[in-house]
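**Q** Dumping the structure here so I can ask a few things about it.
What follows draws every value from the coordinates through simple rules; no lab data is involved. Quick caveat, the model's predicted, so the values are computed rather than measured. Quick reminder, even Gly has a Cβ in these numbers, built from the backbone with ideal geometry, and neighbours come from all protein chains shown.
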Amino acid sequence: MARLSSHDVRERLLEAGVRTFSKAGFNGCSVQDITDAAGVPKGSFYNHFESKEALGAAALQHYWTDGACDQLKILTRLDMSPRERLRTYFEEATAEMAQIGFTCGCLVGNMAAELSDHSPIIAIQLSAIFLGWSGQVAECIRAAQAAGEIESNADPDQLAAFVLNAWEGAVLRARIEKADRPLRQFIQTLFTILLR
């Protein structure tokens, strides 16, 4: 087998971190579990990360920029109205949850629930992700208000923050119930009461 470059080892560790943290939780896995999942020697871990916590913060960023954030591109599509884009975003996220049997959930929400009280490094990373995520949802709400699709008197930034807080709660309930009922309730309430 060819020797991996330092960059490749780091990428493998990040991807294994995302998978392992998503499946087992941060506290439910060890550095050894992550290096085994990455297929790299345990000693190579510390060439790239000073601690599991440092990997956790980097894995969150990797998760966000390498996939989860890509889903937000729906919010800027020009072939749908802004309100349709919002609905499509949450409908597609609901479908993805169903495909994985309502397990794992969103790594951002999982890490927030598990570590925000215990890890300042991870809490800072989570805050940055939620701020960017909320900002993109707010822009779509602002566009829907400008298009007259929803009432324009609500503050888009405050509404976006509330929407994401409610979404994360619905994701947790869906994981408990192993069903889409909480996510459907979220979408129904969002588009018949909040964004009408």
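**Q** Output ³J(HN,Hα) for the range 88-102: one whole-Hz value per residue in order, computed from phi by the Karplus curve 6.51 cos²θ - 1.76 cosθ + 1.60 with θ = phi - 60°, and x for Gly and Pro.
**A** 4, 4, 6, 5, 5, 5, 5, 4, 5, 4, 5, 4, 9, x, 6
**Q** State the extension gain, in nm to one decimal, for the chain segment bounded by Leu78 and Ile124, taking 0.36 nm per residue of separation less the distance between their alpha-carbons.
**A** Working: separation 46, 0.36 × 46 = 16.56 nm, distance 3.27 nm.
Using 0.36 nm per residue and subtracting the Cα-Cα distance, I get 13.3 nm.
**Q** How do the peptides 22-28, 139-145 rank, highest first, by the average count of neighbouring beta carbon atoms within 10 Å per residue?
**A** Per-residue mean Cβ counts within 10 Å order the peptides as 139-145, 22-28.
**Q** For Ser116 and Thr88, what does the FRET efficiency come to when R0 = 22 Å and r is the distance between their Cβ atoms, rounded to the nearest 0.05?
**A** Numbers: r = 29 Å, r/R0 = 1.33.
It comes out at approximately 0.15.
**Q** Still on this structure, please answer the following. Between (1) 0.99; (2) 0.92; (3) 1.03, which matches Rg/Rh (Cα atoms, Kirkwood Rh) calculated for the structure shown?
**A** (3)
**Q** Express in nm, to one decimal, how much length is gained between Asp66 and Glu53 on full extension, taking 0.36 nm for each residue of separation and deducting their alpha carbon distance.
**A** On the way: separation 13, 0.36 × 13 = 4.68 nm, distance 1.94 nm.
Result for the pair: 2.7 nm of gain on full extension.
**Q** Take every Cα pair under 8 Å in the chain that's 6+ residues apart, average their separations, divide by the length, and report that relative contact order as a whole percent.
**A** 21 percent
**Q** Compute the signed sum of charges (Lys and Arg +1, Asp and Glu -1) over the other residues within less than 10 Å, Cβ to Cβ, of Gln71. Before the final figure, lay out the partial values.
**A** On the way: positive: Lys73; negative: Asp70, Glu92, Glu96.
The answer is -2.
**Q** Put a dot 7 Å past each Cα toward the Cβ at Phe191 and Leu131; how far apart are the dots in nm?
**A** Once both label points are built, they end up 3.2 nm from each other.
**Q** Per-residue ellipticity at 222 nm for the chain, helices alone: DSSP H runs ≥ 4 residues times -39500 (n - 2.57), over residue total, nearest 500 deg cm²/dmol?
**A** Details: 9 runs with 128 residues, N = 196.
Helix-only estimate at 222 nm: -21000 deg cm²/dmol.
**Q** Right, next: Quick check: net charge around Ser119, other residues with Cβ under 12 Å of its Cβ, Lys/Arg +1 and Asp/Glu -1?
**A** Working: positive: Lys52; negative: Glu53, Glu114, Asp117.
Summing Lys and Arg as +1 and Asp and Glu as -1 gives -2.
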